[in-house]
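First the structure, in the form of structure tokens, and then the observations on it.
What follows draws every value from the coordinates through simple rules; no lab data is involved. No experiment lies behind these values; they were computed from the predicted model shown. Virtual Cβ from ideal backbone geometry, glycine too; neighbours counted across all protein chains shown.
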Amino acid sequence: MGNTMKDRVLIVEDEIDIAKLIQVHLTELDIDSDICCHGQQGLEQALKQNYQLVMLDVMLPGINGLDICRQLRQEKPLQAILILTSKTSETDRILGLELGADDYMTKPFSIRELQARVRTQLRRVHAFADRNKTNGHKANGNSSPVNNTEQANNNTCVGQLLVNQRYHQVTYKDNAINLTSTEFELLDFLCKNPDQVFSRSQLLDSVWGYNHSGYEHTVNSHINRLRNKLEEDCAEPKIIQTVWGVGYKLNSAGVH
Ligand code: CA
């Protein structure tokens, strides 16, 4: 897909007024969007077509947004997914993130908030597409040079944890770790700054590109997801550690 093509967003939302409002504000950003008011149709459309971002309401006729998120994530690991939840449903929010959403947005939301979140996701999608374009061919596991120099050949290494930006690949102890694009960016950021402690709001700033209060669940859930994929024992994480009262750090001594 060339850069000249407009971005496309799928809005799966059964409250048509909200869906149309989102559509209007996406149009202001020069983004095309389709609206789907039914869960099953939304899932089918998201699987069949190519959208840069899928926005999912939770309560939907047919399949709910959380189930769509789970199934979509299985089929399209790199699909950008944003969950729309109501203010009262904290469980949905956390569950959505645990199931693989990149971010969530609480209804009602402001135009600025909506546009900031959409821009963040699209920026990530474009950065990934650009890296692949520069590369010119599909990622090949054997082509990642092993190099301990930080960021040499687009690699960041901490112990046996290797993050390759160009190929969007993570290997730990020579095993490939499959990450969503946001998980990748978070891990990449932590690996570039080993042993530094970052607060949740600093991580939101650096990885998500915005910092609205009340969104630290997004960080927590992504940390949990990374731990599930990297740590031997998530109850006692050695690699991504919690620094109580402050935030998180990548513990270089734990990556061996
Ligand atoms: Ca709904």
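Here are some notes:
- Burial ordering of Lys133, Lys238, fewest other beta-carbon atoms within 10 Å first: Lys133, Lys238
- Residue exposure sequence - Thr180, Thr242, Thr218 - by fewest surrounding Cβ within 10 Å: Thr242, Thr180, Thr218
- Rounded to the nearest 10 degrees, the inclination of helix 181-192 to the longest alpha-carbon principal axis of the chain is 30 degrees.
- Partner lysines whose Cα lies under 18 Å from the Cα of Lys229, excluding those fewer than 8 positions away in the same chain, are identified as Lys76, Lys173, Lys238, Lys249.
- Only the Cβ atoms of Lys and Arg (+1) and of Asp and Glu (-1) were treated as charged; on that basis the dipole of the chain about its Cα centre amounts to roughly 620 debye.
- Over the chain, dividing the summed -39,500 (n - 2.57) contributions of all DSSP H runs of at least 4 residues by the number of residues returns a 222 nm mean residue ellipticity of -12000 deg cm²/dmol.
- For the chain, alpha-carbon Rg relative to the globular expectation (2.2 N^0.38 Å, N residues): 1.01
- Order of Tyr167, Tyr210 under a 10 Å beta carbon neighbour criterion, fewest first: Tyr210, Tyr167
- Spatially proximal aspartates and glutamates relative to Lys6 (Cα-Cα < 14 Å; intrachain offsets below 8 disregarded): Glu28, Asp30, Asp32, Asp34
- To the nearest ten degrees, helix 216-230 and the longest principal axis of the Cα atoms of the chain are 50 degrees apart.
- For segment 161-184 and segment 67-100, distance of Cα centres in Å: 22 Å
- Note on Cys234 and Asn178: the extension gain reaches 18.4 nm, defined as 0.36 nm multiplied by sequence separation minus the Cα-Cα distance.
- The Thr91 and Ala127 beta-carbon pair, evaluated with R₀ = 30 Å, returns a calculated FRET efficiency of approximately 0.40.
- Label zone (Leu47, point 7 Å along Cα-to-C-beta; backbone nitrogen cut-off 19 Å) within segment 94-127: 99-101.
- Angle between the chain longest axis and helix 111-135 axis [Cα atoms, degrees, rounded to 10]: 50 degrees
- Sorting the Cα pairs of segment 141-255 by distance into bins of 5 Å, from 0 upward, gives 2, 12, 24, 26, 20, 11, 5, 1, 0 percent per bin.
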